[in-house]
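Visitor: Below you'll find the structure I mean.
The values are calculated or read from the model by the stated rules, or taken from the named source; none is laboratory data. Because the structure is a prediction, the values reported are computed rather than measured. Reconstructed Cβ throughout: ideal geometry from the backbone, glycine too, with neighbour counts over all protein chains shown. Heavy atoms of the whole protein, side chains included, go into the accessibility calculation; ligands, DNA and RNA do not. Shrake-Rupley method; radii C 1.70, N 1.55, O 1.52, S 1.80 Å.
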Amino acid sequence: CCFSRKGLFSQLGNALRSALIGVGIGVLPCIGGGVSGMIAYTVAKNSSRHPDKYGTGIIDGIVASETANNATIGGAMIPLLALGIPGDAVTAMLLGGFMVHDIAPGPLIFDKNGPVVYGIYTAMIIATFAMLFLEFGGMRFFIKLLKIPKQYMLPIIVTLCCVGAIGESNRIFDVWGILIFGLLGYGLLKAGIPLTPMILGFILGPMFELNVRKSSQLYQMDPFSFFHRPIAIVFVVVTIVTLVLNVRAGRRAASEG
């Protein structure tokens, strides 16, 4: 599709909302851009006037998922530089590079290694513009890739997925897991069951259970400690508002249907 100047201005609200989602997810350790992309896509779909067009290549869904994915990278740098906690695999590798050069990420990095921090800022700004030029320059080539017949493309994608699964943990069991979950996803798709909630639950379930246990132990020591943390309150309020809006959108769609 052609992204015109009019389309750019029409997507500013969607891009800003998705960027905030990406930064918020990126601040949380060990979640990654995949989750933020799915959440931003779901939020954009639920707030859209034509949700039936999502999944067909509509520009709203592309802007939402890609903006959130890119914003997650910057958000993941916040816990790395401020607390020394990597937010995803990329920042974990960056943390290893810091340790090799005897640089300790944390509050003191801004005083002891200020030039390094500003160098990171500069590199991220340059990378943003470099990606912009590369994407516009290679757009015609990228579009031609979509013309490759599916019977040639899908075997290559499945093979690369299997190679990545083996490389992750060196277990053939993970390959069977990909095949089984692929068949399960195909069955759910044919049954009309949305895949995004299941994927989010599968990814975030273990982390949610771990943090619930930690929170319960903390509240047993001080039941009112939750109200002393504004960031936690903001996340809870945003979650409640999102749930209410999703329920209202679902009821409106059911009544119109």
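Visitor: Give me the mean projected area, in nm² to one decimal, of the convex hull enclosing the Cα positions of the stretch 12-83.
Guide: Working: hull surface 17.5 nm².
If you wrap the Cα atoms of the stretch 12-83 in a convex hull and average its projections, you get 4.4 nm².
Visitor: Also: Given springs between every Cα pair under 10 Å in a Gaussian network model of the chain, which of Met93, Met77, Met38 has the largest fluctuation?
Guide: Its mean-square fluctuation being the largest, the pick is Met93.
Visitor: Here is a follow-up. Given the chain, report the % of alpha carbon pairs whose separation exceeds 25 Å.
Guide: Across the chain, Cα pairs with separations above 25 Å total 58 percent.
Visitor: For the chain, modelled as a Gaussian network with Cα springs under 10 Å, which listed residue fluctuates most, Ala71, Ala123, Ala191?
Guide: It is Ala191.
Visitor: At a Förster distance of 22 Å, what's the computed FRET efficiency of Ala191 paired with Ile62, Cβ-Cβ distance as r, to 0.05?
Guide: Working: r = 26 Å, r/R0 = 1.18.
Once the sixth-power term is evaluated, E becomes 0.25.
Visitor: Less than 21 Å apart at the alpha-carbon level, and either on another chain or at least 8 residues along: which lysines does that give for Lys190?
Guide: Output for Lys190: Lys45, Lys53, Lys150.
Visitor: Now, a different point. Accessible area per residue for the chain in Å², computed with a 1.4 Å probe and the full protein assembly in place, what is it?
Guide: Numbers: 18520 Å² over 257 residues.
Ligands and nucleic acids excluded, the figure is 72 Å² per residue.
Visitor: Sticking with this structure for a sec: Using a probe of 1.4 angstrom, how much of the accessible area of the chain is carbon and sulfur, in percent?
Guide: Values: 13310 of 18520 Å².
It is 72 percent, rounded to a whole number.
Visitor: Run the numbers on the stretch 79-221 and let me know its relative contact order in percent, using alpha-carbon pairs under 8 Å that are six or more apart.
Guide: On the way: 47 pairs, mean separation 13.7, N = 143.
The normalised contact order for the stretch 79-221 reaches 10 percent.
Visitor: For the chain, modelled as a Gaussian network with Cα springs under 10 Å, which listed residue fluctuates most, Met99, Met139, Met124?
Guide: Checking each option, the largest mean-square fluctuation is seen for Met139.
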